[in-house]
Structure formats: C-alpha cells, structure tokens
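Q: Just passing along the structure, written as structure tokens.
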Amino acid sequence: MRHNGTVRADENDEQAQQAADTPSHRLPAAPPAVTTSLAAETDLPDDRYFNRELSWLDFNARVLGLAEDASQPLLERAKFLAIFASNLDEFFMVRVAGLKRREETGLSVRSSDGLTTAEQLSQIAARAQQLVTQHAKVFLNEIRPSLERHGIRIVSWQDLGDSDRKRLSHYFSERVFPVLTPLAVDPAHPFPYISGLSLNLAVTVRDPETGREQFARVKVPDNVPRLVRVEADRRSGTATFLPLEELIAAHLGELFAGMDVSECHVFRITRNADLEVEEDQDEDLLKALERELARRRFGPPVRLEVGDDMSEHVLDLLLREMDVEPEEVAEIPGLLDLSCLWQLHAVDRKELKDPPFVPATHPAFADRETPKNVVATLREGDVLVHHPYDSFSTSVQRFIEQAAADDNVLAIKQTLYRTSGDSPIVDALMDAAEAGKQVVVLVELKARFDEEANIKWARALEKAGVHVVYGLVGLKTHCKISLVIRQEGTTIRRYCHIGTGNYNQKTARLYEDVGILTAEPTIGADLTDLFNVLTGYARQDTYRSLLVAPHGVRRGIVRRVHREIEHARAGRPAGVRLKVNSLVDEQVIDALYRASQAGVPVDVVVRGICSAKPGVPGLSENIRIRSILGRFLEHSRIVHFVGADEMWIGSADMMHRNLDRRVEVMLRVTDPAITAQLGAVLDSALDPATRCWMLDADGLWSPRPTEGSEVRDHQVELMRQHNPNEQL
C-alpha cells in the first residue's frame, strides 16, 4: 500500500467540528448527524426502512432455504438446519430479550419503520412460529427420509429390536441414570429453576394406590450426546441414532419406581442472555463482567418451545410456573432443538458432504515447500489475504509467531475480540512476553457469548507478563489490528495487519474475510496512534489512512457517498459498491437513497439484516441489494467508491452499534494490485450469473438467477482461483 501522500480520513471542517464536540472521556463519542446541503435537499418518505428484526428473520429464512436446496449435499442440508436453530436461539436470547426488557421498563420507542415495541414483538412471534414450523417440516418431510435412504437414521424407542433395546438399556443404566435428578413439584417442592436452552421432560405420574397425579421435571443432561448411537458395529457405513430424551422417557419407570407414568412431554426455555454491565470508571471491568455472567443464567424467559403434542393442562402449568405468556410459546412438530444435527454432520460419509477444501498458502509467503519470512516479504510490498481461500495459519498466524520468535522485534500490540479455545496466536504472544518483548493485548471482555473465554485468556496473558487492557468504558473494541515494532539497524520499522475477521484460526476456515499485511509507514503511524488511544489517554480522532468509529466511520462513508453524487451531477463516472454483514444505519441508508435519486448506481451485497428498500420509484430505483449465503459465512466488509476510485476494508458494519458504540477501523487501500483484487471479489459477487437472493421493494427475497439460467457459485469460483488443484 504505497501512498504518494497523506490520506486524511475526514475533511478539515469536520475536524474542527469534532474538536468542539469532543467529550471528556478518552475516545470521542459519535458526532451528531452529518448536515450538508445535500442532506437537506430532498425530503425522503417516512416509510423508507424495513424493520431490522423482521429482516433478521428473513436472513434466517435464507439459511433455511439452503437446507431446502436439493442441489446441496445431504449432510450439508442437515448442517444448515442446525445453523438455523442456533441462530434463532441467539436471536431470542439477545434481540427479542432486548425488546421485551424495553417494553417492561417503559422505554418503548418506535422502530425506524414506525412499529411500537409491542407491534414488533407480535410480528416477530407470528413470523418465528411460521419459520420454526417450516424448519421442522423440512427435517421431517425431506431431510430425515433422505438420510434414511442413505443409511443414516434417527429412530424412536418403538422402532428398536430387542438386542438394541437391551444394549441401550445398559447404556442408560451406566451413563445416563446416575446423572438424572427427577424434581417433584408439590407443596414441599417448589417448581424448579429451568436453565436456558436446556432440554427437559415434563412428566406426570399417578400414584396407583391413591390415584393422585403429580408433576415432575427431568432435565435431559447436556454432558451426554443428544443423539445416542444405536448400532454396535460401525463398519457397515450406516448410522442409527436414538434421541436421548426418548431413551430417558423409555426408562422413566426406573426414576419413578412404584408410580405410573401418565404423560411425558419435551420442552425447552430460552432466557434473556444479553448482559448489561454497569461500567464504572472506579470498578474493575473484569470483576463486573464476572458478576453479570453469573446472573445471565437467571435471566427472564423469552420463549418456551414445546412439542405440538403437549397436553393443554401441562402447557398451562408450564406457563403459570415459569411466568411465560401464551404468545411466547413455539409449538414444534418432531424433535426440539435441531442444533443436534451437527452430530449427524460429523458422520463419516464424505459423499454426502461438500468436497474437502484445504486453504492454500498465499503465494507471497511460499517458496515451493519452504515458508518465507513474513517481515521480509512485507518489505517488498503489501499482501492481501482472503480467508478461507488463503490460509490463516501460514499468513496472519505466522506473522505473529515469527514476530514473537524474532530477536529484533521490540514490541507487539494486538486486539483480540474472539479467539479459539486453543489459540496459537495467544500462545505466541505469551512466548513473546516471556522472551522479554513488550507485548500489549487489548482483550475485549464484552464479546457476546465469548466473555468467559476472553476472561480466561486475559488472565493467562497477564500471568505470562503481557500488558492486558480491557478496552474503553462504554465501547466495545471490535477492530482487528496487529502492530509489530522491529529494530532494523539504526531505524525502527513497523509491520501491520488490519482485517475484517477475528484472530481465530478455527473460524478463519469457515468465515470469509480479508486482511492487509503491510509495512507502509503511514499505516504503522496510524496504528501506533490508535493503540495510544486504546491503552492510554490520547484523544486523537483523525488518521492518515483510517476511518475510526465511533467518530469517523459514519461521517467518512456518508461524505464519500455525497462525493459520488457530485461526480454523477458533473457527468463523471460514479457508483457505490458495498459488501457488509448488515445495513441498518439510517444516515448511511439515506445517503444511498440520495445517491440513487441523483442517478448513482448503488450495489449492495449484504449477508444478514438489511433495512434499505431497493427499487422504490423516486427513491431507490438505482439501488440493487443481494445476499450470498453458502459453504462459508460471508463476513468481509468492502466499500468501493467508483467515481473517486477509493477502496476501503474494515471491521465495521453499517449498524448503530458499530458506528456509535464500538471502536472500528476502516482502512483505505491504495495499492493498485490489491484494489484490483478487491474489485474482482466485488465483480464476482455482483455478477448477474452468481447464485444469490435479490431483495425487492416489498421486502421479498427471491433466489436468482431464475431457473434455466447459467448459474455460477461465487465461493466455488474463489476456491478454484486460489487453489486450482482442489477437486471441487
């Protein structure tokens, strides 16, 4: 990334305004809305946004669409059913829980599309019930029968022969029975606490002497495989499984000896898991977070899942005892919690899965079979890595590992948002500190659902002598940046990595992300300044090559969209191409609407939530929005301003939380070879023949291309380009 001069993130008048608005904490808060003559030029209609929560449900419907796609390998279809289930769990634990809390505390406000919180919850409940019913039917009517035809079966206890029943009864006695605890409900035994996402049996038993009926709850243990393998001989290539709850139900007589079992129904509760950490300047953030994590398991219920065969009187008891409203109930035919289908995906049947793909070492870092020194390579020029097509372990991970072992490296600075359970990068950072290098790591403790893992890493790093910082009060540090400072003769040189994905070697094989490895001095200076903000009391808010949220990204993006409008009005080439996970921020969307009204073509590739309405006459005729889902999770953020010929990558999605409440970094890419590579990624994603979903003005996502067209798979094409020797 060889800069001919300094690239400023924002204009001089904006810098002056920011200086006036900067509050007294370490990092300036997000500035007020951008106000320019363009912004006030055209009134925009009030109904110009889709609801973000319903848009998320549409996203999960597209995941379900992959499970319904008969062109997908069978076990991959089962995998997408599991992903759908896990996605929906998190949606209720966080998004629905947040809406309910807002409603209960009287903080209800209308959404950007004008719905009250109560109206949103009502529409979410109806749409979610529709989707879970469709989800269950895809499994029962399509996936399960297809699996059976290929020798992979999920059976009931009634389907088993005597020998299998005998063997599984022994398994129950040895492995399951000892960990079960039936909990009675009567005047002496209050209704037990039901933990979130646990699978439970609601059991009604009758005393044969008195005829009195009693209720009990049995928790299905989560430390035993949910799908119990039936067959003794696994060499046949077949795989038969019995759901654990069926095994327990078949042996309830052993738990309730001398009683008659009248009813047994499966149920599952989802609880609010959205942490609210009160951040106090005078309190240790780690201790505050640990306290909130202990409370998370006791969050209020937000959803009750029950089988569609549950009797009315048992359901009434659950609603009453767990304080659940009828509209919070999801009735599901068949198995509850299909995330257990990950177990089926693990069955060794290669012909029913995607062909294996091994990421290739980037050509810049490989000399035939000999790995090249990353630092030496970066002295020759910048490198774009595109994961999972380019190997993470032989690029970014190797960069940190080599720096840790390099005697000439003086310091390493790194942010960690999510990392894996066994992290070579964390190990390398600890090795570097123990070798006497200055190592600073910003561990974001508030990374949702990874809080406990990050607390563990933070303590391990501190024990090894690493300077650990927990981030800024009121903000999550979401940027993905690394800085290596190296002594080279009489000079100090800085080497950097800025990416769109986490420093996690496991998800790097599943998530699509891009990153830049560079020795460009201005970028090194920018990261040095930014780390001083993150770890000290610096209050810098402008940079040479970066846009930094919460004060720079939205303004930078909106101003550049307005500049494309000026290009179009002057008769010059213009356009905006945007690849993100989510597009929700109203200011960014409004800027795109005005660009469309000025004749600027706007092409958006969005994986998840999208609140913008494309193709509305007079508003967004020039906006086209598509979504690509597939084998890998599309995760990179790339923005191309066509008229200005500017390309940016970074960690920020176009959402309020990213632009207002997180530290995010967007990097301007100026190396011509790298901008061409990024442009090719966008060209492939936007190719009319690429398989995708297209969004219309009414909010309907339709598969494209239409039947009969020649279809290309964006991800398969990239796999072929990066590793042409793979059999795909």
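Q: Order of 574-586, 310-322 by packing, highest average Cβ count within 10 Å first? Walk me through the numbers before you get to the answer.
A: Numbers: 574-586: 22.9, 310-322: 15.1.
Most protected by this proxy first, the peptides run 574-586, 310-322.
Q: Hey, another quick one. Among K353/K456; K353/K506; K166/K506; K437/K480; K137/K350, which pairs are too far apart, with a Cα-Cα distance over 30 Å?
A: From K353/K456; K353/K506; K166/K506; K437/K480; K137/K350, over 30 Å: K353/K456; K166/K506.
Q: Something else: Short version: what are the Cα gyration tensor semi-axes of region 462-593, square root of 5 times each eigenvalue, largest first, in whole Å? Don't skip to the end; give the middle numbers.
A: Numbers: eigenvalues 197, 72, 57 Å².
Square roots of five times the eigenvalues give 31, 19, 17 Å.
Q: What ranking, highest mean first, results for peptides 397-406, 128-137 when packing means the other Cβ atoms within 10 Å averaged over each residue? Mind showing how you got there, number by number?
A: Values: 397-406: 20.9, 128-137: 17.5.
Ranked by mean Cβ neighbours within 10 Å, highest first: 397-406, 128-137.
Q: On the principal axes of its Cα set, how long, how wide and how thick is region 539-595? Give whole Å, largest value first.
A: Projected onto its principal axes, the Cα set of region 539-595 covers 40, 25, 17 Å.
Q: Can you tell me the orientation of helix 162-171 relative to the chain, as the angle in degrees between its alpha-carbon axis and the longest Cα principal axis, to the nearest 10?
A: 60 degrees
Q: How high is the FRET efficiency between E710 and D186 when r is their beta carbon distance and R₀ equals 60 Å, given to the nearest 0.05? Present the calculation step by step, with values, prior to reporting the outcome.
A: Values: r = 67 Å, r/R0 = 1.12.
The computed FRET efficiency comes out at 0.35.
Q: Next up: What is the pair-distance distribution P(r) of region 135-245, computed from all Cα-Cα distances in 10 Å bins starting at 0, with each bin given as a whole percent?
A: P(r) for region 135-245, in whole percents per bin: 11, 32, 32, 19, 5, 0.
Q: Divide by every residue of the chain the summed helix terms, -39500 (n - 2.57) for each DSSP H run of at least 4, and state the resulting mean residue ellipticity at 222 nm, rounded to the nearest 500 deg cm²/dmol.
A: On the way: 22 runs with 243 residues, N = 728.
That comes out to -10000 deg cm²/dmol.
Q: Strictly greater than 21 Å: what percent of every Cα pair in region 519-622 meets that? Mind dumping the intermediate values first?
A: Working: 2481 of 5356 pairs.
Across region 519-622, Cα pairs with separations above 21 Å total 46 percent.
Q: Expressed in whole Å with the largest first, what are the equivalent ellipsoid semi-axes of region 533-688 derived from the C-alpha gyration tensor as the square root of 5 times each eigenvalue? If you can, show how the numbers build up before the last one.
A: Values: eigenvalues 113, 64, 56 Å².
In descending order, the three semi-axes are 24, 18, 17 Å.
Q: Using only alpha carbon positions, build the gyration tensor of region 64-158, then give the equivalent ellipsoid semi-axes as the square roots of 5 times its eigenvalues, largest first, whole angstrom.
A: Values: eigenvalues 255, 35, 23 Å².
Equivalent ellipsoid of region 64-158: 36, 13, 11 Å, largest first.
Q: Here's another thing I want to ask about it. Could you pull the Rg and Dmax for region 45-102, using just the Cα atoms, both in Å?
A: Using the Cα atoms of region 45-102, the pair Rg, Dmax is 14.4, 46 Å.
Q: While we're here: Quantify how much of the Cα-Cα distance distribution of region 128-192 extends past 20 Å, in percent. Display every interim value, and only then the final one.
A: Numbers: 1274 of 2080 pairs.
Above the 20 Å cut-off, region 128-192 has 61 percent of its Cα pairs.
Q: Hey, if you drop one equal point scatterer on each alpha-carbon of region 390-481 and run the Debye formula without solvent, what base-10 log of I(q)/I(0) do you get at q = 0.25 Å⁻¹?
A: Taking Cα atoms of region 390-481 as identical point scatterers yields -1.35.
Q: Let me check I've understood the local charge: for H714, count other residues with C-beta under 9 angstrom from its C-beta, Lys and Arg +1, Asp and Glu -1. What total comes out? Could you put the intermediate results ahead of the total?
A: On the way: positive: R691, R712; negative: E634, D687, D713, E717.
Local charge sum for H714: -2.
Q: Separate question: What percentage of all Cα-Cα pairs in region 299-420 are separated by more than 20 Å?
A: Numbers: 5003 of 7381 pairs.
For region 299-420, the share of Cα pairs beyond 20 Å comes to 68 percent.
Q: Using only the alpha carbons, work out the radius of gyration and Dmax of region 173-222 in angstrom.
A: Final numbers for Rg and Dmax: 12.5, 37 Å.
Q: Counting C-alpha atoms alone, how compact is region 510-559: give Rg to one decimal and Dmax as a whole number, in angstrom.
A: Using the Cα atoms of region 510-559, the pair Rg, Dmax is 12.7, 37 Å.
Q: While we're looking at this one, here's another question. If you build the convex hull over the alpha carbons only and average its shadow over all orientations, what do you get for region 599-728? Give it in nm² to one decimal. Could the numbers behind the result be given before it?
A: On the way: hull surface 40.1 nm².
Mean projected area of the Cα convex hull: 10.0 nm².
Q: Over region 420-579, what percent of the accessible surface lies on carbon and sulfur atoms, probe 1.4 Å? Mind showing how you got there, number by number?
A: On the way: 2650 of 5340 Å².
Carbon plus sulfur share of accessible area: 50 percent.
The values are calculated or read from the model by the stated rules, or taken from the named source; none is laboratory data. Just so it is clear, the model here is predicted, and its values are computed rather than measured. Using ideal geometry, Cβ is built from the backbone for each residue, glycine included, and neighbour counts are taken over all protein chains shown. Surface areas here come from the heavy atoms of the whole protein model, side chains and all, with no ligands, DNA or RNA. Shrake-Rupley method; radii C 1.70, N 1.55, O 1.52, S 1.80 Å.
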